[in-house]
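Contents: one structure, followed by commentary.
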There are 2 protein chains.
Amino acid sequence: MLNSWVPVEPGSDFPIQNLPVGRMRPRAGAGRLAVAIGSHAVDVGALAASTSRDAVELLAAPVLNPFLAAGPQVWGSVRGWLTELLSQERWRSAVEPHLYPLAEVDLLLPFEVADYVDFYSSENHATNLGTILRPNEPPLMPNWKHLPVGYHGRAGTVAVSGTPFRRPRGQRPETDGPPSFGPSRKLDIETEVGFVVGVPSELGTPVPVTSFADHVFGVVLVNDWSARDLQAWEYRPLGPFLAKSFLTSISPWVVPLAALQSARTAPPEGDVPRLPYLREDPAHPWGLDIDIQVSLNGHLVSEAPFATTYWTPAQQLAHMTVNGASIRTGDLYASGTVSGPGPGQYGSFMEVSWNGTRPLTLPDGTQRSFLEDGDVVTLTARASGEDGVPVGFGSCEGRVLPALG
Amino acid sequence: MLNSWVPVEPGSDFPIQNLPVGRMRPRAGAGRLAVAIGSHAVDVGALAASTSRDAVELLAAPVLNPFLAAGPQVWGSVRGWLTELLSQERWRSAVEPHLYPLAEVDLLLPFEVADYVDFYSSENHATNLGTILRPNEPPLMPNWKHLPVGYHGRAGTVAVSGTPFRRPRGQRPETDGPPSFGPSRKLDIETEVGFVVGVPSELGTPVPVTSFADHVFGVVLVNDWSARDLQAWEYRPLGPFLAKSFLTSISPWVVPLAALQSARTAPPEGDVPRLPYLREDPAHPWGLDIDIQVSLNGHLVSEAPFATTYWTPAQQLAHMTVNGASIRTGDLYASGTVSGPGPGQYGSFMEVSWNGTRPLTLPDGTQRSFLEDGDVVTLTARASGEDGVPVGFGSCEGRVLPALG
């Protein structure tokens, strides 16, 4: 089993089998690209420059986008280089000057987000929401098992973990009379997994399911904060808008697909035949066995199994481009809320509290149906990495500030 | 009345009262910013450099975004400078080396699009579509008169007028059985007016109706090509996705709000009270009296009056940010399809042909319900400018290529 000479605590999110890429700002200094190892971040631009590494101009860029655009060969070669330097003791003196304790750096938004798309691909979640919101109709719409339902979100308000935000205000439906205006009364989370596009495609040319890994570099955790009351009022007929656009938080580290090969798994078998453009090679599926933990104010609320998701990210990408739409470097697309079948596996408070009818009791004795001001929500996750070593995703966290007065 | 020494034919879209900003590439040369006057484009970066103008670094940038970000004072001062140079004969020799006949340049996408939002703000259009698609329900949803319904579209597929595109393929609903896959059978246009954001806002701080002109620089024509059959199947419950994301065409010239002051008009009076954050100052409304012409293969199909739009761009901006969402330089938001009350005033073929039940007969004897391969759709428009001189918007044009085989 490969080990790093950099100390890596047991259970760390960032063993040498992971090597996620992000962006950091040391206490004194400018933003720069970084790779996480144990409880440290490597300044990869400076390291590449000092070792005369080929990809130095990509790694010394102020954002991840040029590296993302470079494609799988460069991704693989940089990964091989870092694996060598961080595993072979003889490189210690060359690397050590470029190591920063994670506790002493700020983590920044790792890439410039081009377009942001949000899917709705967990059958448990879609069924739960349908049951809650439309109790007298079949919970899934007729299209749901034929295509990965999705929509565009606001790219400009995708922010890195830790970015605080105010409770959104907006139009709230009232049972008697016109809508009122004020702070959302049903502020919620959406526990999701996001996919980061590196290599762009041409307008008019779809990306087949089998080309997923030629375009997508890696994976982040996503919390697509949602105001359920605003959403219920605004969403017909064109979908969610202000209920989601106020903030989307992502984890600061992009975990490469290369680190998740051992986590690949077949998605659930569907009971509806998929059209050819949505069929995966059953021998090489792109389901991913990632377990996500949801914590509220430090208390574990839920564990959501991403492996239960009905549509894989390869199918989502094929669908998103089948009409000829092109993708760009920095595009982010997310799975939709991940919920498992059991009540301890729900990825939203809408489901955990069943729309407020079953409030959650926290260890401090307080109850929650939706989020209160001051609440902190943290997503973390684990997957199986190479050699059976678990890899993690860092954390995707956010705190609710009171609404504007 | 102000005149330019540059010849401007009667009826030109680009008298000196207009001065729209775009981006051109001369036959031999790189892309650069330009301002249209008559049938010429001024290379404003080179002109600024040769006359030692202040804003030279903004005007010599390769895209419009830095100029857009500079804000109303800079916009006004550059406009004043250009007005002086193009109206005063004594500047002729300084300007002439930087004039290019429009026939000899390519026009490029004028700005990098950040987020793209599409509204649905024409009451006639929303009523027509509701009547066609949901004949047994009230045509307008209960929310429609309380808020400007809108959604996010795909920024990466916003392209300049003239960009050809393939007819999109996708899942089409079938009356008996599962959906089929193939080229859209109901390819349509959406005739819209778009607004280009210059000055960004802070996350968490709404932009009031009264600050519209502090943020928005100008106006383009938008054709948000739509596949009605794909849309009908995919849109529930999260809204349109692939039915719109394959291409959105915009006109190459951004007409400044400064050129449209004489076109300002009060929007239709609503019969439902607006919440305070959506109320305009009745003395300074941001409705705009713009008449849009829709042509198919050179034949005038429709004239759509933008002044009939229920929600103004100032109200749309206030709504889009009231939840705390921020805006960025290069954001584009469009009105939604503009339709007037009469049948000659519809902004989509869905309405013109009433969903195929009343096909249009063209002068060549052929009929159209929706678009055929090879069809060319052209939007042009006129508004009243200063001194009563009409200003135009150039054209927003696109040709349908056959679907991928």
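The values are calculated or read from the model by the stated rules, or taken from the named source; none is laboratory data. Note that this is a predicted model, so its numbers are computed, not measured. Glycine also receives a Cβ, built like all others from the backbone with ideal geometry; neighbour counts cover every protein chain displayed.
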**Prompt:** So which of B:E57, B:E104 is surrounded by fewer than 15 Cβ atoms within 10 Å (Cβ to Cβ), within 24 Å of B:G198 (Cβ to Cβ) and acidic (D, E)?
**Reply:** B:E57
**Prompt:** Within region B:128-151, how many residues are at the interface with another protein chain (Cβ under 9 Å from one of its Cβ atoms), of a type outside the set (F, W, Y) and in contact with a Gly (Cβ under 9 Å, 6 or more places away or on another chain)?
**Reply:** 4
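If you go through region B:326-338 one residue at a time, do you hit one that is aliphatic (A, V, I, L, M), within 11 Å of another protein chain (Cβ to nearest Cβ) and in contact with a His (Cβ under 7 Å, 6 or more places away or on another chain)? Give the derivation first.
Here is the first cut: in region B:326-338, the residues aliphatic (A, V, I, L, M) are B:327, B:332, B:334, B:338.
Then drop every residue that is not within 11 Å of another protein chain (Cβ to nearest Cβ), which leaves B:327.
Imposing the further condition that a residue be in contact with a His (Cβ under 7 Å, 6 or more places away or on another chain) reduces the set to B:327.
Yes, region B:326-338 contains at least one residue that is aliphatic (A, V, I, L, M), within 11 Å of another protein chain (Cβ to nearest Cβ) and in contact with a His (Cβ under 7 Å, 6 or more places away or on another chain).
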**Asked** Considering only region B:266-278, how many residues are loosely packed, with under 13 Cβ neighbours inside 10 Å and within 14 Å of chain A (Cβ to nearest Cβ)?
**Response** 4
**Item:** Residue in region B:281-309 that is farthest from B:W81 (Cα to Cα), counting only those that are among the charged types (D, E, K, R) and modelled with pLDDT of 95 or more
**Value:** B:E303
**Message:** List pairs: first residue in region A:325-353 and under 21 Å from A:Q367 (Cβ atoms), second residue assigned to a loop (DSSP other than H, G, I, E, B) and among the charged types (D, E, K, R) anywhere in the structure, Cβ distance under 7 angstrom, at least six positions apart or on different chains.
**Reply:** A:G347/A:E190; A:S348/A:E190
**Asked** When A:L317 is evaluated against the numbered criteria (1) out of contact with any strand residue (DSSP E or B) (no Cβ under 6 Å at 6 or more places or on another chain); (2) part of a loop (DSSP other than H, G, I, E, B), which criterion, by number, is the only one it fails?
**Response** (2)
**Message:** Here's a check for you: in region A:372-388, which residue that is at pLDDT 95 or above and more than 19 Å from A:S251 (Cβ to Cβ) is surrounded by the most Cβ atoms within 10 Å (Cβ to Cβ)?
**Reply:** A:E372
**Request:** Tell me which residues, restricted to region B:196-212, are within 20 Å of B:F111 (Cβ to Cβ) and not small (G, A, S).
**Result:** B:V196, B:V197, B:V199, B:P200, B:V207, B:F212
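Could you go through region B:89-106 and let me know if any residue there is within 25 Å of B:D291 (Cβ to Cβ), within 9 Å of chain A (Cβ to nearest Cβ) and within 22 Å of the chain's Cα centre (by Cα).
Kept after step one, since they are within 25 Å of B:D291 (Cβ to Cβ), are these residues of region B:89-106: B:102.
From the residues that got through so far, the ones that are within 9 Å of chain A (Cβ to nearest Cβ) too are none.
The answer is no, given that none of the residues of region B:89-106 is within 25 Å of B:D291 (Cβ to Cβ), within 9 Å of chain A (Cβ to nearest Cβ) and within 22 Å of the chain's Cα centre (by Cα).
Any residue at all in region B:371-390 that is in contact with a His (Cβ under 7 Å, 6 or more places away or on another chain) and either in contact (Cβ under 8 Å) with a residue 12 or more places away in the chain or within 14 Å of chain A (Cβ to nearest Cβ) (or both)? Spell out how you get there, then give the answer.
Just the residues of region B:371-390 that are in contact with a His (Cβ under 7 Å, 6 or more places away or on another chain), to begin with: none.
For region B:371-390, residues in contact with a His (Cβ under 7 Å, 6 or more places away or on another chain) and either in contact (Cβ under 8 Å) with a residue 12 or more places away in the chain or within 14 Å of chain A (Cβ to nearest Cβ) (or both): absent.
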**Prompt:** Name the residues in region A:354-368 that are touching a residue at least 24 places away in the same chain (Cβ under 8 Å) and either in contact with a Cys (Cβ under 9 Å, 6 or more places away or on another chain) or on the phi > 0 side of the Ramachandran plot (or both), would you?
**Reply:** A:W354, A:N355, A:G356
**Of all residues in region B:157-178 being more than 8 Å from every other protein chain (Cβ to nearest Cβ) and farther than 21 Å from B:R23 by Cα, the one that is nearest to the chain's Cα centre (by Cα)** = B:R167
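Only one of B:E234, B:E174 is modelled with pLDDT of 95 or more and closer than 21 Å to A:Y151 by Cβ. Can you tell me which? First the steps, then the outcome.
On the way: B:E174 fails: closer than 21 Å to A:Y151 by Cβ.
After applying the criteria, what remains is B:E234.
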**Request:** State the number of residues belonging to region A:190-210 that are surrounded by 24 or more Cβ atoms within 10 Å (Cβ to Cβ), over 21 Å from A:I290 (Cα atoms) and within 20 Å of the chain's Cα centre (by Cα).
**Result:** 1
**Asked** Out of region A:145-159, which residues are crowded, with 21+ Cβ neighbours inside 10 Å and either on the phi > 0 side of the Ramachandran plot or in a strand (DSSP E or B) (or both)?
**Response** A:G150, A:Y151, A:H152, A:G153, A:V158
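Return yes when B:A314 is more than 30 Å from A:L247 (Cβ to Cβ), more than 13 Å from chain A (Cβ to nearest Cβ) and of a type in the set (G, A, S) and no when it is not. Steps first, answer last, please.
Details: more than 30 Å from A:L247 (Cβ to Cβ): no; more than 13 Å from chain A (Cβ to nearest Cβ): yes; of a type in the set (G, A, S): yes.
Against the criterion (more than 30 Å from A:L247 (Cβ to Cβ), more than 13 Å from chain A (Cβ to nearest Cβ) and of a type in the set (G, A, S)), B:A314 does not qualify.
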**Request:** Could you tell me whether any residue of region A:344-355 is surrounded by 19 or more Cβ atoms within 10 Å (Cβ to Cβ), acidic (D, E) and within 13 Å of chain B (Cβ to nearest Cβ)?
**Result:** no
